[in-house]
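Comments concern the structure below.
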Amino acid sequence: MSAVNDTKFNSAVFLLTVIPGLEDVHLWISIPFCLMYVISIVGNSLILFIIKTDLSLHEPMYIFLSMLAITDLGISITTIPTILGIYLFNSREISLNACLAQLFFIQLLQYTESSLLLLMAFDRFIAINNPLRYASILNSQRIAKMGLVAVLRAMVLILPLPFLLKRLQYCRANVLSHSYCVHRDVMKMACSDITVNSIYGLFTKLFQMGLDSLLIFLSYVMILKTVLSIASYEECLRALNTCVSHLCTLLLFYTPEISLSVIHRFGKGSYPLLQSLLGYMSLLLPSLMNPIVYSMKSKHLRVRIIKLFIK
């Protein structure tokens, strides 16, 4: 009996789920998901190609944008196997190790994107507050170090999560709430004590996204203070206009994530359809919309994209 129980505990298999209430039409739902992935991958790849090949775009703002595009590409590639697998081929099962690997990369990339959004807020502050020294302060070496620190910080925070989940025992119907694996979802499937996992998961969320959002808010307070000190109304609007793309990106990233965290913490399993939709939005919406937002707001990018397609 003990051997049977050990086998039951250690060979956990999770079942992924589609959007609640739409199980019978999941093949049709795969069409918009495929389109979203195609647009996301093509859009971010196009941004990377243009920034790499056009020397006039080798500026701090566009280098940070290329880092953001790489992160968005990583999130798309990480989630494609399970999301399209379940909608196209009804492949619901995922092993514990594969699930832990996926949640590690998803949260690593999301936390890295949060840090990049903070760096981009700092970039906008330097560009507005000290435009004459902008290029010298944010030179390529300093930007590379900042990007490396962002990745390492996220990795240090996320690395313990798979090991904390691996030590748990899973002995119930392991039906996940989403078409992909995330820490809070897998954690709830365990039948052993999850206090440590819950506390550490909350700590990482507050230390990463909570701290980043606070510092981004302070950056924009300083940006507004600098802009309001400008005498000319036109120059004031021109300075604020350079922040519009970044503000849209912030809303696309933080709004679904914060809403989903609130529902998971206080909803107690309520609103499954809303949870599922917010989960997809938090993963797919930023990587889909970021290239579109920056292409529309940046004249240099827009012109290069038009020239590329005309050729």
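Throughout, read-outs are computed from the coordinates displayed, never taken from laboratory work. Remember, it's a predicted structure, so these values are computed and weren't measured experimentally. Backbone-built Cβ (ideal geometry, glycine too); neighbour counts: all protein chains shown.
Would you mind working out the magnitude of the charge dipole of region 107-200 relative to its Cα centre, with +1 at each Lys and Arg C-beta and -1 at each Asp and Glu C-beta, to the nearest 20 Debye?
Numbers: 10 positive and 4 negative charges, 28 e Å.
My answer is approximately 140 debye.
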Computed from every Cα-Cα pair in region 2-310, P(r) in 10 Å bins starting at 0 and rounded to whole percents is 6, 25, 32, 22, 11, 4, 1, 0
In debye, nearest 20, what is the charge dipole magnitude of region 2-310 about its Cα centre with +1 on Lys and Arg Cβ and -1 on Asp and Glu Cβ, if you could check?
-> 420
PRE reach from LEU27 (point 7 Å along Cα→Cβ): which of region 81-118 fall under 14 Å by backbone N?
-> 87-91
Two-site label geometry, SER140 and LEU55: point separation in nm, points 7 Å out along Cα→Cβ | 1.1
Please list the helices of the chain that count as membrane-span-like by this rule: a mean Kyte-Doolittle hydropathy of at least -1.0 together with Cα atoms stretching 30 Å or more along the helix axis, each helix being a complete DSSP H run.
-> 26-53, 60-89, 96-129, 244-266, 272-297
Most exposed first by the Cβ proxy, i.e. fewest other Cβ within 10 Å, how do THR17, THR79 rank?
-> THR17, THR79
Taking HIS246, HIS26 and counting other beta carbon atoms within 10 angstrom, the fewest-first order is HIS26, HIS246
Among all lysine pairs in the chain that are eight or more places apart or on different chains, how many have alpha carbons less than 15 angstrom apart?
-> 4
Likely footprinting exposure, ILE83, ILE310, fewest C-beta neighbours within 10 Å first | ILE310, ILE83
Among LEU164, LEU65, LEU55: highest mean-square fluctuation, GNM of the chain, C-alpha pairs under 10 Å | LEU55
Of TYR111, ILE50, THR226, which is farthest along the charge dipole of the chain in the positive direction, counting Lys and Arg as +1 and Asp and Glu as -1 at C-beta?
-> THR226
Taking +1 at the Cβ of each Lys and Arg and -1 at the Cβ of each Asp and Glu, which of LEU250, LEU148, PRO32 sits farthest along the dipole of the chain towards its positive end, judged by Cα position relative to the Cα centre?
-> LEU148
